[in-house]
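Everything on this sheet refers to the single structure shown next.
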Amino acid sequence: MGIEVVAERSAGLDIAKASLVACVRIPGRNSSARVLKRKFTTMTADLLALADWLAEHEVTRVGMESTSDYWKPVFYLLEDRFECWLLNARHMRAVPGRKTDMTDAEWICDLVAHGLVRPSFVPPPPMRRLRDLTRRRTLLLAERTREKQRLEKILEDAGVKLGVVATDITGRSGRMMIEALIAGERDPHVIADLALGTMRRKLGALADALVGRFSDHHAFYCRQVLDHLDFINKMITDLGGRIDAETAAYEPQIALLDTVPGIDRRGAQTILAEIGPEMHRFASAAHLASWAGLCPGNNKTAGKAKPTHTRPGNRWLKAALGIAAMSAVRTKNTYAGAQYKRIAARRGAKRALVAVAHSHLVAIWHILAGGNTYQDLGADYYLNLINPDRQRRRLVERLEQLGFHVTVEPRPSSG
């Protein structure tokens with residue numbers, strides 16, 4: 001008995017940069033099927049011909065592998081006319097040694113026809129536009145950080161130790177001092193006197209830090225970096241305005257995500273762009289965590305579980321949740337802080353941060369699915385789970401092992 005066919009008229013596409021191979025499965029008599037294959041270029045005119053060819057053969061479901069970004073123009077052009085499935089390459093390994101474009105397309109077609117794979121989540125067009133913008137902003141923020149590091153390195157090369165005294169060398173005070181150095185000022189006391197606000201308490205340390213060998217070469221390099229930083233800041237500001245316009249319809253969801261510890265408005269916009277506002281696409285919070293790559297994989301054999309790492313997933317979402325987790329664990333009297341300390345003591349800081357990010361994502365699923373604000377479990381959540389008698393016996397035994405004689409008496413009530 002063969003595997004049940006769930007999509008009688010299906011197609012598989014093996015996509016490359018310049019061309020693709022399409023395979024169409026047409027049902028025949030006695031449970032047999034006829035297979036048609038045809039090659040197309042990835043130019044838009046040929047993709048329109050592909051759509052007509054698929055429609056001519058009454059195809060209802062089209063599967064394609066998520067190869068780089070080459071699937072996007074094909075998927076976006078076909079999604080209005082067919083049920084398109086984007087497939088994870090890890091889920092569709094064929095027999096080694098028999099790989100060609102034609103066989104790959106036929107293999108994809110068979111998997112789709114028999115329902116042996118599941119489609120990946122592809123957000124609707126509004127979320128795709130928002131993703132492009134938030135991911136672009138993330139890249140620019142990272143580039144801004146790298147430029148600040150380059151600026152500090154060139155100052156170190158010049159012997160100017162401004163980064164030792166100032167927390168942010170590109171703040172108002174630091175920027176004025178660097179501009180003075182570029183303009184040719186070399187008196188450290190004159191430059192230090194440009195400090196503003198609380199930085200004026202460090203005038204002596206600033207004067208010592210500004211003594212160096214700042215040359216015309218360093219001035220040229222710093223001018224380049226500062227101009228680039230200004231350009232990046234302007235692009236980030238422009239992107240922020242465009243993102244605010246794109247997310248205007250999702251302000252209620254952003255406000256709900258903003259209640260989670262460690263997640264600010266920018267983080268909420270990034271998270272929303274990656275997972276969308278509707279949680280029906282993910283059957284449960286566990287499915288969302290698995291899709292994001294914030295849960296360990298299963299590696300069991302002979303009844304024994306072996307160590308595993310977190311699965312590959314959405315790196316943009318993982319990065320945003322990681323930043324949120326690092327902020328959340330610094331908050332006082334919160335569940336995130338207590339969870340981090342509890343796990344970090346046993347398994348290390350990195351695993352603890354992943355656990356906090358996972359808890360955040362589970363909470364986000366419930367928040368967006370139910371429209372509720374975040375309810376913190378409190379810093380004493382784990383303490384309330386402990387059996388007091390067992391905890392007392394454990395602590396007494398530990399102290400006695402260390403050589404102490406312990407007498408435990410209940411504390412009198414305050415009443």
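Using a cut-off of 18 Å between Cα atoms, the listed pairs LYS17/LYS39; LYS153/LYS234; LYS72/LYS234; LYS300/LYS350; LYS17/LYS72; LYS39/LYS99 include LYS153/LYS234; LYS72/LYS234; LYS300/LYS350 as exceeding that distance. Taking Lys and Arg as +1 and Asp and Glu as -1, the other residues whose beta-carbon sits under 15 Å from that of PHE82 total -3. Binning the C-alpha pair distances of the stretch 10-113 at 10 Å intervals from 0 yields a P(r) profile of 16, 54, 27, 4 %, listed from the shortest bin outward. The charge dipole of the stretch 10-113, taken about the Cα centre with unit charges on the Cβ atoms of Lys, Arg (+1) and Asp, Glu (-1), comes to about 400 debye, rounded to the nearest 20. What the Cα convex hull of the chain gives, in volume per residue, is 290 Å³.
Counting Lys and Arg as +1 and Asp and Glu as -1 over every other residue whose Cβ lies under 13 Å from the Cβ of LEU20, the net charge comes to 0. When DSSP beta bridges are restricted to pairs lying wholly in the chain, around 65% turn out antiparallel. Restricting to bridges with both residues inside the stretch 10-113, how much of the DSSP beta-bridge set is antiparallel, in percent to the nearest 5? In the stretch 10-113, approximately 60 percent of DSSP beta bridges are antiparallel ones. On a per residue basis, the convex hull of the C-alpha atoms belonging to the stretch 126-246 measures out at 99 Å³.
Membrane-span-like helices of the chain, defined as complete DSSP H segments with a Cα extent of 30 Å or more along the helix axis and a mean Kyte hydropathy of at least -1.0, are identified as 216-246, 349-370. The magnitude of the dipole of the chain, with charges of +1 and -1 set on the Cβ of Lys/Arg and Asp/Glu and taken from the Cα centre, is near 1560 debye. When each of LEU47, LEU321 is scored by the number of other beta-carbon atoms lying within 10 Å, the sequence from fewest to most is LEU47, LEU321.
The gain in end-to-end length when the ARG136 to ASN314 segment is fully stretched comes to 62.5 nm, 0.36 nm per residue minus the alpha carbon separation.
FYI, it's all coordinate maths here, none of it is from the lab. Worth saying up front: this structure is predicted, and the values here are computed from it rather than measured. Note: ideal-geometry Cβ built from the backbone for every residue, glycine included; neighbour counts use all protein chains shown.
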